[in-house]
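Shown next, in structure tokens, is the structure this report addresses.
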Amino acid sequence: MQRPPPAATDEEPEELKRFRDAWRAEVQRKKAQTVQSHLTSDLAPLGRALQSAVDVYRRAIQNEQSGDLDEALRLYRQAFRMDDNVDKAYRKAEKLQELRQNSQGAVPPATETRPDAPEPSIVVIDDKALDLSALSISADTKGAHGVHAVVTGTIASLLESFPKELRFEPEDERRTLHLNKVPDELLIHILRYLDHTTIERFAAVDKKARVVSLDSVIWRDFVYETYKPPQVPHEKYMKAMMQRYLHDYRRAFIEQPRLRLDGVYIAVCHYVRAGLSQNAWVNVSHLITYHRFLRFFPNGQVISLLANEEVEPQQVIPLLKPTLRMKGVTVGNWRLEGTTVYITDLIDPASLELNASARSKRYAFQMTLALRSRPLGRWNKLDIAAYETVNIETGETDLLPLKHERPFWFSKVRSYASY
């Protein structure tokens, strides 16, 4: 006699139900990842040159929307000269940004960012992502009375190893160091009268000097005196910039791009020219050396000078003023956008005089340079990206060949002001 089959039941084991739910969740997750990979496969990050062209194209669109059609037309031409497919790259960048916003959610505006935000900010300088994880130090945390600062990055982790009670250590332990009797508030007041190079040399003395030199009051003066238009697009830019750096004024002064005004950028260029020889068996070659000088002024004016080897830099540098009149000098305007320097309206000041020829008034020059820093914080190198001639009447531009040009390197001049 056969046994009857077991009766069907609507209840399934709990373990099977959990397995089915976990399996469905894993399938949905893999499916979402597959869709995301297909969407982003064609949206790889842009290269440095193409990204610069996209930035110029974006500024052209903004000028067109605001009604400045002449400036928009000039920027459109510049963008397409930098890359023929800049319009496609722009749409690609906008699509990538929209995709990231949809996947990550809405990003809070910069005005809502708090200096004590727990999430670190990321700043990219020369293609390097810099972590801005904040560490606040004050009299309560480091035992340095009167010292209040926000420190981020590598130095923040270094300060965590410092003891809470810090004192200036004498070179000879048997002697008394009277500097320990000076209040920190007075030391900070004295440091505010020094330049940033001297402050960093003082900070290298010992741990106590390092902590005292980090006070925000000292570096706030440098930041607000340095980062003014045309170093930044506008005055309101400073607020958003400091929020990106979590109000670490020292780090902002080091890592935020800036043109140095306390010296001259000099490019030493060489080329070989064939000479004449009376002997057919002898080849004569001449090494020709010439210099390019760029001096930037706080009011947005710039002086460019092309001088041959007969004029030594020691003779030229004291003369680099707006009143200079000599062969090879042009005066124009400059502005800094990110790490790109735009020099426009470069004309010979002699052409503005009444007795100047009409031909000398027809053309101007403009330059596009890439600002670099070797090492970080120096901002001492300018690479020429483009050098163009501009027809003042028609606005047409022609790209000039750059065969023998070399980068500009900064040389400090003591008699020049920093701001």
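The values are calculated or read from the model by the stated rules, or taken from the named source; none is laboratory data. Note that this is a predicted model, so its numbers are computed, not measured. Heads up, the Cβs are rebuilt from the backbone with ideal geometry, glycines too, and the neighbour counts pull from every protein chain shown. For the accessible areas, the whole protein counts, side chains as well, though only heavy atoms, and no ligand, DNA or RNA atoms are used. Shrake-Rupley method; radii C 1.70, N 1.55, O 1.52, S 1.80 Å.
The label point for Glu396 and the one for Arg273, both projected 7 Å from the Cα toward the Cβ, are 3.0 nm apart. Defining a contact as two alpha carbons under 8 Å apart and six or more residues distant in sequence, what relative contact order in percent does the range 176-257 show? Relative contact order of the range 176-257: 23 percent. Within the range 134-255, the percentage of alpha carbon pairs spaced more than 20 angstrom apart rounds to 45%.
Placing +1 on the Cβ of every Lys and Arg and -1 on the Cβ of every Asp and Glu, with no other charges, gives the range 263-412 a dipole of roughly 460 debye about its Cα centre. In plain terms, the chain from Ser418 to Asn283 could stretch by 43.7 nm, reckoned as 0.36 nm per residue minus the Cα-Cα distance. Over the range 263-412, with every protein chain in place, what whole percent of the accessible area is carbon and sulfur at 1.4 Å, could you tell me? Taking all protein chains in place, the range 263-412 shows 54 percent carbon and sulfur surface. Take the alpha carbon gyration tensor of the range 263-412, find the square roots of its eigenvalues, order them as a ≥ b ≥ c, and report rounded if a/c is under 1.5; if not, report prolate when a/b exceeds b/c, else oblate. Because a/c hits 1.5 or more and a/b fails to exceed b/c, the range 263-412 counts as oblate. Here the range 253-287 and the range 385-419 have alpha carbon centers that stand 15 Å from each other. The largest accessible area among Ile317, Ile199 belongs to the first residue in Ile317, Ile199, and the rest follow in falling order (1.4 Å probe, all chains).
Here the accessible area of the range 164-258 is 54 percent carbon and sulfur, with a 1.4 angstrom probe and all protein chains present.
Taking a straight line from the alpha carbon of Lys321, these lysines sit under 24 Å away, with near neighbours fewer than eight places off in the same chain left out: Lys228, Lys361, Lys381, Lys412.
For the range 255-338, what is the relative contact order in percent, using Cα pairs closer than 8 Å and at least 6 residues apart in sequence?
Dividing the mean separation by the residue count of the range 255-338 yields 26 percent.
Accessible area per residue for the range 263-412, computed on protein heavy atoms with a 1.4 Å probe, is 57 Å².
Answer rounded, prolate or oblate for the range 191-235, using the Cα gyration tensor with square roots of eigenvalues a ≥ b ≥ c: rounded when a/c is under 1.5, else prolate when a/b is larger than b/c, else oblate.
It comes out prolate by the Cα gyration axes.
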